[in-house]
Amino acid sequence: MNELDSLVATARAAFAEAKTPAELENAKAQFLGKSGRITELMKGMAALSVEEKKSRGAAINVGKQAIEAALTERRQQLADEELSLQLRAESLDVSLPGRRRIPGGLHPVSRTLERIEEIFSSMGFDVADGPEIESDWHSFTSLNNPPNHPARSMQDTFYVDMNGDDGIPYNLRPHTSPMQVRYAHQHIKKYAAEFAAAAADTTGTVKAPEIRVIAPGRTYRVDSDATHSPMFHQCEGLWLGENVSFKDLKVVFTDFCRTFFERDDLVLRFRPSFFPFTEPSAEIDIQFASGPLAGRWLEVSGSGQVHPNVVRNMGLDPERYIGFAFGMGPDRLTMLRYGVNDLRLFFDGDLRFLSQFQ
Ligand code: PHE
C-alpha cells in the first residue's frame, strides 16, 4: 500500500472512530484542515520539478477526494444514527393497554321514566314536558285549590323570590298536576278547529277530541327522609273525553303496573282519598303475590275523576268532558322494581351504587 492509500485508510479509521458530528469535524481537520495531512503533502511539493508536480499532485488529489468521500459517507451515517435514536426515543408503544373508560349508563330513575313513557305511548298517550318553576295559578288555583284553602298545606312548597302577574310568588312545582291545565290549554290551541267544531255541534254527531297525556318530571317539596327527598319525580297522567270513566282509570293503571313490573298476578287497590282537583279521589296501592314484598300494600299513585272546576279552567265544558287523572311516583316505582330501601341513594351520585344498574 502506498503512502496515500494508507493515509486514506487512516482517515477512514479516524472517521469511523468519531461518535458524534463534532468529533467527526475534529477528525476532518487532521486530514483536510489548514495544517492537515493533505495540506502538508501539497506544501511538500514545492521543491519538485514540473513533471513530478503533475503526477504527485494528481495522486494527492485522488487521495483527497477519497478522504472527502469517506467524510461525507460518515456524516450521513452519523445523521442516520441520530435520527433513528430520536425516533426510538419518541416512539409510542402502541401495544400498551389503553386507559380504562368506564361506560356511562342511564340512572335507574331515568330508566323508569323511559319505561313509563314507552308503556303509556303504546296506549296512545302523548308525552309532555313543563316548567319546574311554576305559577301559583297552575300549581294550585287552576286545580281547584284557591289561595288560603287548607288543602294547600298538604304540600310543603318551595317558593321562588319572584312574583307572578297575580302578585303571588312563583313556586317550585310540588307536583306535576299543573301540567293538566297547562297541557290542556296547549292541546286545545293546537287543535283549535277540531275543538271548536265539536263545541259548535248540536246534532251530537261530532265526537269531541280527546286529551290523553302523561307528563313526567322533577317536583319539589320541603320534605326529606328515607322515603322523601326535597327533589323527587312525578308522572302525571290525564285522559279526558266524552265518556272516560273511573273504570278506564282502573284498566289503564292496572295494565300499566302489570307491564311495568312484568307481573300478571299484581293486584291493585283503589283506596278512597282526597285531592282538591279530583272527585272522587283514590290512592292506588299495589300488592305483589310473591317475592320479598309479597302481601304488603304499597302506595304508588294518587288519582281520581277530574273535578268539574278543573275541566272548566281548561276551557272545556264539564258537562261534556269527563275523565281521570293520576300522579304517580317514579322514584317509588324504581325502589320497588330494584328492591332499594332508601330513596336518598338515588340522588347521592355514588357510582358504587349507581353502577349496579348498568
Ligand atoms: N298531585 C297529587 C299529589 O302530588 C297526585 C294526584 C295527581 C292525585 C292527579 C290525583 C290526580 O299528591
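The values are calculated or read from the model by the stated rules, or taken from the named source; none is laboratory data. Everything numeric here is computed off the predicted structure, so don't read it as measured data. All Cβ positions, glycine included, derive from the backbone under ideal geometry; neighbour counts span all protein chains shown.
A few points about this structure:
- Output for segment 299-319, where each listed residue is within 14 Å of the ligand (Cβ to nearest atom) and among the polar types (S, T, N, Q): Ser301, Ser303, Gln305, Asn309
- Condition check for Ser110: more than 16 Å from the ligand (Cβ to nearest atom), on the phi < 0 side of the Ramachandran plot, of a type in the set (S, T, N, Q) and not in a helix (DSSP H, G or I): no
- Boolean, Pro131 is away from the ligand (no atom under 14 Å from the Cβ), modelled with pLDDT of 95 or more and surrounded by 20 or more Cβ atoms within 10 Å (Cβ to Cβ): no
- A search for C-beta distances below 8 Å between a residue of segment 294-312 that is closer than 15 Å to Leu238 by Cα and any residue that is among the aromatic types (Phe, Trp, Tyr) and more than 9 Å from the ligand (Cβ to nearest atom), counting only pairs 6+ apart in sequence or on different chains, returns Ser301/Phe253; Ser303/Phe253; Ser303/Phe270; Gln305/Phe246; Val311/Tyr321.
Every residue, every condition in (1) basic (Lys, Arg); (2) closer than 18 Å to Asn145 by Cβ; (3) outside the structural domain of Asn145 (by TED's automatic domain parsing), yes or no:
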site: Phe275; (1), (2), (3): no, yes, no
site: Ser301; (1), (2), (3): no, no, no
site: Arg312; (1), (2), (3): yes, yes, no
site: Tyr321; (1), (2), (3): no, no, no
site: Ala325; (1), (2), (3): no, yes, no
site: Asp348; (1), (2), (3): no, no, no
site: Leu351; (1), (2), (3): no, no, no
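- Considered as a group, the residues in segment 320-340 that are assigned to a loop (DSSP other than H, G, I, E, B) and modelled with pLDDT of 95 or more include one that is farthest from the ligand (Cβ to nearest atom), and that residue is Tyr321.
- Residues that are touching a strand residue (DSSP E or B) at 6+ places or on another chain (Cβ under 9 Å) and within 22 Å of Val206 (Cβ to Cβ) within segment 309-356 comprise Val311, Met314, Leu316, Pro318, Tyr321, Ile322, Gly323, listed in sequence order.
- Residue in segment 189-200 that is within 12 Å of the ligand (Cβ to nearest atom) and in contact with a helix residue (DSSP H, G or I) (Cβ under 9 Å, 6 or more places away or on another chain) present: no
- Set Phe256, Phe261: member being touching a residue at least 60 places away in the same chain (Cβ under 8 Å), buried (at least 21 other Cβ atoms within 10 Å of the Cβ) and more than 14 Å from the ligand (Cβ to nearest atom): Phe256
- Hey, Met179 within 14 Å of the ligand (Cβ to nearest atom), within 16 Å of Val306 (Cα to Cα) and in the same structural domain as Gly217 (by TED's automatic domain parsing) or not: yes
- Counting the residues of segment 1-41 that are part of a helix (DSSP H, G or I) and under 60 Å from the mean Cα position of the chain (by Cα) gives 2.
- Summed over segment 150-208, the residues that are assigned to a helix (DSSP H, G or I), surrounded by fewer than 19 Cβ atoms within 10 Å (Cβ to Cβ), of a type in the set (Ser, Thr, Tyr) and modelled with pLDDT of 95 or more give a count of 0.
- Filtered residue count, segment 219-228, keeping only those that are within 26 Å of His149 (Cβ to Cβ) and either within 11 Å of the ligand (Cβ to nearest atom) or in a strand (DSSP E or B) (or both): 4
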